[in-house]
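*Asks:* What follows is a single structure, and I will ask about it in a moment.
The values are calculated or read from the model by the stated rules, or taken from the named source; none is laboratory data. Fair warning: this is a prediction, and the values are worked out from it, not measured in the lab. All Cβ positions, glycine included, derive from the backbone under ideal geometry; neighbour counts span all protein chains shown. Accessible surface is based on the protein model in full, side chains and every heavy atom, while ligands, DNA and RNA are left aside. Shrake-Rupley method; radii C 1.70, N 1.55, O 1.52, S 1.80 Å.
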Amino acid sequence: MTIKKINTPQDSQAAAAPKYDKYTEAFNKYDLNVDDNAVAEAVRTIIAEKVPQNDTLEVKKFLMGSIELTTLKTTDNDVSVMEFTKRVNAFDEQYPDLPHVATICVYPCFAGIVDDTLEVEGVNIACVSGSFPSSQAVIEVKIAETSLAIADGADEIDIVMPVGKFLAGNYEEVSDDISELKQACGDHPMKVILETGDLGSGSNIKKASILSMYAGADYIKTSTGKEKVSATPEAAYVMCQAIKEYYEQTGIQIGFKPAGGINTVMDAITYYTIVKEVLGEKWLTNKWLRLGTSRLANLLLSEIVGEETKFF
């Protein structure tokens, strides 16, 4: 005998109700309505009133030690990456009183080359992974690439948030993607690149920041440097606000990495100042503040030693 289920008004209401998941719950803890004009004004004030006082030799030396010296060119090869790494070894010998760079950042296929060549204690090996820079691959491929990079010597992993999924509102898929890659990283720090230039608004940047941190990011990073718009002070300000609020909610400290379009020493000092003003002194170490760049090292070195120097 078959008993037919009778639908009640409660059943209809449940079917019509929107799905309430852990990501919605996380979003509800934060004000995600960002006023872009207010952000722009706050950044203008910081640049005008606070940046000049950080234009010092001490800050420039600190920034030197926060650089992730990066080579992510189509023309990279075993020999060029080996020579790139040797320059870091030579820098440590030639400038023993200056801080060495924080990491060398390369494609995963070069992790072993850097690991075999690098002689400087305290310089980490970072690899972009997870189908960088588009993140357009099935998760199994991303996990395999990440696991192989770590096996070959990577200390840190940089992945790209699946921007297309995020813009389509598929937040659960975005979170699952990040979480699975964090599992592949294990204890190795993972940076999530938001590609802020593609997100369109401060509200989206803040939402992407919160989602990435809840999904397992150890750092959030602005950009790959491969899109038309890379890091901006406004995006950095919103991301630092999100890090601050997340820390207040959870007690978990998350690092910050601006990358892409850091073309001058003053650009770097601007990002340093935003971190200092929004997040405070606790973030002003080369563990929690990183700068993804290749050209900045020579610019900083030139200003530190007082003459144009092209070392790297």
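*Asks:* Identify all residues within region 221-263 that are among the hydrophobic types (A, V, I, L, M, F, W, C) and outside any helix (DSSP H, G or I); write none if there are none.
*Replies:* Hits for region 221-263 are V229, A231, I252, I254, F256, A259, I262.
*Asks:* Turning to a different aspect of this structure: State all residues of region 277-309 that are in a loop (DSSP other than H, G, I, E, B), modelled with pLDDT of 95 or more and either of a type in the set (K, R) or touching a strand residue (DSSP E or B) at 6+ places or on another chain (Cβ under 7 Å) (or both); if no residue qualifies, say none.
*Replies:* Of everything in region 277-309, those that are in a loop (DSSP other than H, G, I, E, B), modelled with pLDDT of 95 or more and either of a type in the set (K, R) or touching a strand residue (DSSP E or B) at 6+ places or on another chain (Cβ under 7 Å) (or both) turn out to be K287, W288, R290.
*Asks:* Condition check: open to solvent by 40 Å² or more (accessible area, probe 1.4 Å) and within 15 Å of A26 (Cα to Cα). Does Q249 satisfy that?
*Replies:* In short, yes.
*Asks:* So, S203, is that one modelled with pLDDT of 95 or more, on the phi < 0 side of the Ramachandran plot and part of a loop (DSSP other than H, G, I, E, B) or not?
*Replies:* For S203, the condition - modelled with pLDDT of 95 or more, on the phi < 0 side of the Ramachandran plot and part of a loop (DSSP other than H, G, I, E, B) - is not met.
*Asks:* Name the single residue, out of those in region 110-124 being over 20 Å from the mean Cα position of the chain (by Cα), aliphatic (A, V, I, L, M) and not in a loop (DSSP other than H, G, I, E, B), that is surrounded by the most Cβ atoms within 10 Å (Cβ to Cβ).
*Replies:* V114
*Asks:* Only one of T222, T270 is within 15 Å of the chain's Cα centre (by Cα), closer than 19 Å to D36 by Cα and of a type in the set (S, T, N, Q). Can you tell me which?
*Replies:* From the options T222, T270, the qualifying one is T222.
*Asks:* Now for a separate question. Restricting the search to region 81-109, which residues are over 25 Å from W288 (Cα atoms) and either among the β-branched types (V, I, T) or open to solvent by less than 30 Å² (accessible area, probe 1.4 Å) (or both)?
*Replies:* Within region 81-109, V81, A90 meet the criteria.
*Asks:* In region 133-178, what residues are in contact (Cβ under 8 Å) with a residue 40 or more places away in the chain, β-branched (V, I, T) and touching a helix residue (DSSP H, G or I) at 6+ places or on another chain (Cβ under 6 Å)?
*Replies:* I139, I143, V174
*Asks:* List every residue pair whose Cβ atoms sit under 9 Å apart, with the two residues 6 or more apart in sequence or on different chains, where the first one lies in region 271-283 and is at positive phi and the second, anywhere, is assigned to a helix (DSSP H, G or I).
*Replies:* G280/K244
*Asks:* Go through region 232-260 and give me each residue that's touching an Asp or Glu at 6+ places or on another chain (Cβ under 8 Å) and either hydroxyl-bearing (S, T, Y) or at pLDDT below 95 (or both).
*Replies:* Answer for region 232-260, where residues must be touching an Asp or Glu at 6+ places or on another chain (Cβ under 8 Å) and either hydroxyl-bearing (S, T, Y) or at pLDDT below 95 (or both): just G260.
*Asks:* Could you list, in sequence order, the residues of region 251-303 that are closer than 19 Å to V229 by Cβ and of a type in the set (G, A, S)?
*Replies:* Hits for region 251-303 are A259, G260, G261, A268, G292, S294.
*Asks:* What tally of residues in region 178-195 results from selecting those that are under 16 Å from the mean Cα position of the chain (by Cα), open to solvent by 10 Å² or more (accessible area, probe 1.4 Å) and not basic (K, R)?
*Replies:* 3
*Asks:* Mind checking whether some residue in region 86-95 is assigned to a helix (DSSP H, G or I) and either of a type in the set (K, R) or under 20 Å from G261 (Cα atoms) (or both)?
*Replies:* Yes, there is a match, as at least one residue in region 86-95 is assigned to a helix (DSSP H, G or I) and either of a type in the set (K, R) or under 20 Å from G261 (Cα atoms) (or both).
*Asks:* Here's something else I'd like to know. Give me the pairs: first residue in region 52-73 and in a helix (DSSP H, G or I), second residue among the small types (G, A, S) and at pLDDT 95 or above, beta-carbon distance under 6 Å, and six or more apart or on different chains, which are they?
*Replies:* Every condition considered, the pairs that remain are L63/A268.
*Asks:* Anything in region 270-312 that is surrounded by fewer than 19 Cβ atoms within 10 Å (Cβ to Cβ) and touching an Asp or Glu at 6+ places or on another chain (Cβ under 7 Å)? List them, or say none.
*Replies:* S302
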